1. So which residues in segment 90-107 are in a loop (DSSP other than H, G, I, E, B) and in contact with a Ser or Thr (Cβ under 8 Å, 6 or more places away or on another chain), if there are any at all?
2. When the residues of segment 73-101 are filtered to those that are at pLDDT 85 or above and among the hydroxyl-bearing types (S, T, Y), which remaining residue is surrounded by the most Cβ atoms within 10 Å (Cβ to Cβ)?
3. Kindly indicate which of S416, S432, S337 is in a helix (DSSP H, G or I), in contact (Cβ under 8 Å) with a residue 40 or more places away in the chain, under 19 Å from E214 (Cβ atoms) and among the small types (G, A, S).
4. Scan segment 202-209 and tell me whether some residue there is touching a helix residue (DSSP H, G or I) at 6+ places or on another chain (Cβ under 7 Å), modelled with pLDDT of 90 or more, within 16 Å of V172 (Cα to Cα) and of a type in the set (A, V, I, L, M).
5. Looking for something farther than 20 Å from K71 by Cβ and touching a residue at least 60 places away in the same chain (Cβ under 8 Å) - is there at least one such residue anywhere in segment 146-160?
6. Quickly run through segment 181-207 and pick out the residues that are farther than 29 Å from H88 by Cα and buried (at least 19 other Cβ atoms within 10 Å of the Cβ).
7. Search segment 214-242 for residues being among the basic types (K, R) and either more than 16 Å from the chain's Cα centre (by Cα) or modelled with pLDDT of 90 or more (or both), and hand back the single one that is farthest from S138 (Cα to Cα).
8. Could you run through segment 208-241 and say how many residues are over 19 Å from D349 (Cβ atoms) and either among the β-branched types (V, I, T) or part of a loop (DSSP other than H, G, I, E, B) (or both)?
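The values are calculated or read from the model by the stated rules, or taken from the named source; none is laboratory data. Just so we're clear, the structure is a prediction, and the values are computed from it rather than from any experiment. Ideal geometry is used to build each Cβ from the backbone, glycine not excepted, and the neighbour counts take in all protein chains shown.
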Amino acid sequence: MKYETLRTHFQTLLAAKNTDALEAFAQETHPADIAAVLHEAEMHDTKTFLTAISSQRRAILFGYLEEETQKELLETLSFAVVQDLFAHMASDERADLYGVASLGMREKILPLLTKVDQEDIHTLASYDEELVGSIMTSDCAVLQAQMRADEAIAQLREVAGEVETIYVAYVVEPNRKLVGVLTLEELIVAEPSLRVQDFMHKKVVRVRVDAPREEAARSIAKYDFIALPVVDEEDRLVGMVTYDDAMDVAAWESEEDFQKMAGHTVGHGGGFAASVKDATISMLYKKRVFWLVVLVFGNIFSGAGIAYFEETIAAYVALVFFLPLLIDSGGNAGAQSATLMVRAMATGDVAMKDWAGMLGREMLVAGLLGLTMAFAVSVLGVWRGGTEIALVVGLTMQVVVIVGSVIGMSLPFLLSRFKCDPATASAPLITSIADAAGVVIYFGIATWLLELPLS
């Protein structure tokens, strides 16, 4: 169903005040589609709808709503509905909801939860949001190695409504040390009397709870898992990360890297709290002002370089015509290289040890690109200032493209070496460095080839 049709249908159901019809709508429509409709709806309509549907559907849907919408709803829904939400939500989403709740709401809701749920919330909410622990769920299917296949199936049937998925189950020792993994399909086709330990996979790909969250996302993508087990420092199972959470992480990291490379500052949590369309003027200003102000002072070096070569510029005014073209080409080449390298580092395609090998390849590629661009600009040089100017601008183009590309490729490695996010190698930063270098290179070559003394 198209979005406009869905929204119209939603408004019709609300106007009719038919609780059964609203529940049917919640059952038949994917929560992500309903969340999109609610994002545009009035808050009182959202509240009416959530109050009308069943606890289970409300708990599932709530996890799809924007964080700001969740915060507002927590303050406007009745306390009984909020309590019901915490009771029915998945453990990871419940911990996230607890994190956005006000202090007063936390103090009211926590004592009403079971001791197990309280401990679970405290544990999940205690992890830094950049770590695996912040995106895992503790609701995973657990089996014992000595179980028979039929006993294991019965166990999964019993916990099916309480865990995130029964399609993959983890085998643990009594102290919860992870020793194996198997799928529901493997359980179904196994002989009923066969012990789990006899056909489980003993080499289990896992991730530490205190590892960066993108590590879990990369593993899930690499091995095509629907879930990845999470263990503590003693290799005890503490939860799992599901593929949908891994996709969210990939989207968050991509958005964060994009904003950093665009020259935005990124605060706690990464990125804008909402979409650019929904962001306030103040938020957009704060995100962008830091780098722009810093780079204003950085561009002073370009001005200083031009001032240093005043005699050359005065003697050959034609050089000024090519200045924007040449320094922009160096900046563009650098930004292009930085974008490719940051992306490669984010996906794990390259690591710090690959720098030397990548440097050689980048210089060769940049040399070929620079040669092509130098030929094109030399034609303009002959037309604008003669063969001498053509030689200067052609050689400069070759050098600035190589230098810009090397700067753009190397800066992410340098930042990574000093434990900084490689994505901080933003396009404005690369361009400013390449511009300053380009000015010095251009007029340095011009002064050398045209045999003008420097002041």
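1. A90
2. Result: Y98.
3. S416
4. Checking segment 202-209: at least one residue is touching a helix residue (DSSP H, G or I) at 6+ places or on another chain (Cβ under 7 Å), modelled with pLDDT of 90 or more, within 16 Å of V172 (Cα to Cα) and of a type in the set (A, V, I, L, M).
5. Scanning segment 146-160 turns up no residue that is farther than 20 Å from K71 by Cβ and touching a residue at least 60 places away in the same chain (Cβ under 8 Å).
6. A190, V196, M200, listed by residue number.
7. The selected residue is K222.
8. Here the count works out to 12.
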